[in-house]
Amino acid sequence: MIEVRNAQKRYGRHTAVKDISFSVGKGEVVGFLGPNGAGKTTTLRMLTGYLPPSSGTISIAGYDIFSQSVDARKHIGYMPENVPLYDDMRVREYLRYRAALKGLKGSMLRTYVNEAMDLCALQHVRRKMIKTLSKGYRQRVGLADALVAKPDLLILDEPTNGLDPNQIRQIRSLIKRLGEKHTILISTHILSEVEMICDHVIIVDEGIVKASGKPDELVATMRAAGKVTVELKAEVDEVKEAIEGLDKVKKVIVEEPDCDWNKFSVLVESGTDARSRIAKLTMAKGWPMRTLYRHQATLEDIFVEMTRKD
Ligand SMILES: Nc1ncnc2c1ncn2[C@@H]1O[C@H](COP(=O)(O)OP(=O)(O)OP(=O)(O)O)[C@@H](O)[C@H]1O
């Protein structure tokens, strides 16, 4: 459904997207993650045909987004980050206007607008002026606009941005339902959102793809390169030196002590579990120990690991 090959975007001297390639299959729900300024919005705007790439190719449903833009755009419903709405229009009036711009007419236009309003729970505000709507409802109008012409691909740029937790849940469950029938590319900062909604995740930073895969696969890779936490009573430097001397231990980080218990994070090589060797060492040394556990990596750990600057 989406094929991006070596897309690059420069704004004058600044390169916002260095070299991005990825593909999204039909029916997939893909999370597009990255810190501020990573190039997410720029990439989404290139995908939707609003910005030409400086180099590289992008095709949607087999159509090149620039040379076959009309055909490509028929497949896309786009919800930009700050949904631009006409404040002085009423909800239904606005959606009918947008549907007409997308080529819908007559009874089909009315039916499609009605269905989009049903899906986004907008019927009870259909006669309200857009300027009187809360942020959550404005987002729903933006989503209804994106899906009114029944495109098979939805591109959503931070759809839950600025919403309160209840509104976030509502929009999230709506996106989940939409994912049953549409291919979705969703840019977000909210990692739990990705874990809940997406089949696949792409992490971008500094204009390139840093990681890509199923959320649980990424987490499994990270888990293999795990971290162990140890709390014991012994002299800090001695513990650090002894654990760092163990096979396959990469580094020992001294954490804030908890009362008189010293705490250490032990970073170990991929595929190893240092717990039994640490336990043997502490017993041999006679150090009292109260904690020894291996961390379960989360998508947040992956995100931080892939995008940290230190
Ligand atoms: N029109 C523009 N002119 C010049 N530079 C721009 C323009 N738009 C974006 N940039 C720069 O390009 C880089 C990528 O921006 P982009 O908005 O794509 O990032 P983002 O990942 O969407 O960030 P955020 O999560 O903050 O929305 C940033 O350094 C930004 O300052």
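Read-outs throughout are calculated quantities, based only on the coordinates presented, and are distinct from any laboratory measurement. Remember, predicted model here, so these are calculated numbers, not experimental data. Virtual Cβ from ideal backbone geometry, glycine too; neighbours counted across all protein chains shown.
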Assuming R0 = 41 Å, can you tell me the calculated FRET efficiency for the pair Lys150 and Glu300, based on Cβ-Cβ distance, to the nearest 0.05? 0.70
Summing -39500 (n - 2.57) over every DSSP H run of at least 4 residues in the chain and dividing by its residue count gives a helix-only mean residue ellipticity at 222 nm, to the nearest 500 deg cm²/dmol, of -10500 deg cm²/dmol
Quick one: the Cα spread of segment 128-195 along its three principal axes, in angstroms, biggest first? 32, 29, 17
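Apply the Kirkwood formula to segment 1-137: the hydrodynamic radius equals the inverse of the mean of 1/r over all pairs of different alpha-carbon atoms; give it in Å with one decimal.
Numbers: mean 1/r = 0.0587 Å⁻¹.
Hydrodynamic radius (Kirkwood, Cα pairs) of segment 1-137 is 17.0 Å.
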Three-way shape label, segment 62-197, alpha-carbon gyration tensor, a/c 1.5: oblate
Return the lysines within reach of Lys26: Cα separation strictly under 28 angstrom, same-chain partners fewer than 8 residues apart disregarded; answer none if there are no such residues. Lys9, Lys18, Lys40, Lys74, Lys102, Lys105, Lys150, Lys176, Lys181, Lys210, Lys214
C-alpha center-to-center spacing [segment 11-39, segment 241-298] in angstrom: 38
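Compute the length gained on full extension between Glu235 and Arg275: take 0.36 nm times their separation in residues and subtract their Cα-Cα distance, giving the result in nm to one decimal. Don't jump to the answer; show the numbers that get you there.
Working: separation 40, 0.36 × 40 = 14.40 nm, distance 1.96 nm.
Contour length minus the Cα-Cα distance gives 12.4 nm.
For a footprinting-style exposure proxy, rank Ser192, Ser59 by other Cβ within 10 Å, fewest first.
Ser192, Ser59
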Relative to the compact-globule estimate 2.2 N^0.38 Å (N residues), the Cα gyration radius of the chain stands at a ratio of 1.27
Compute the Rg/Rh shape ratio of segment 227-294: radius of gyration over Kirkwood radius, all on alpha-carbon atoms. 0.91
Kindly identify segment 1-62 as rounded, prolate or oblate by the Cα gyration tensor criterion: order the square roots of the eigenvalues as a ≥ b ≥ c, call it rounded if a/c is under 1.5, otherwise compare a/b with b/c, prolate if a/b is larger, else oblate. oblate
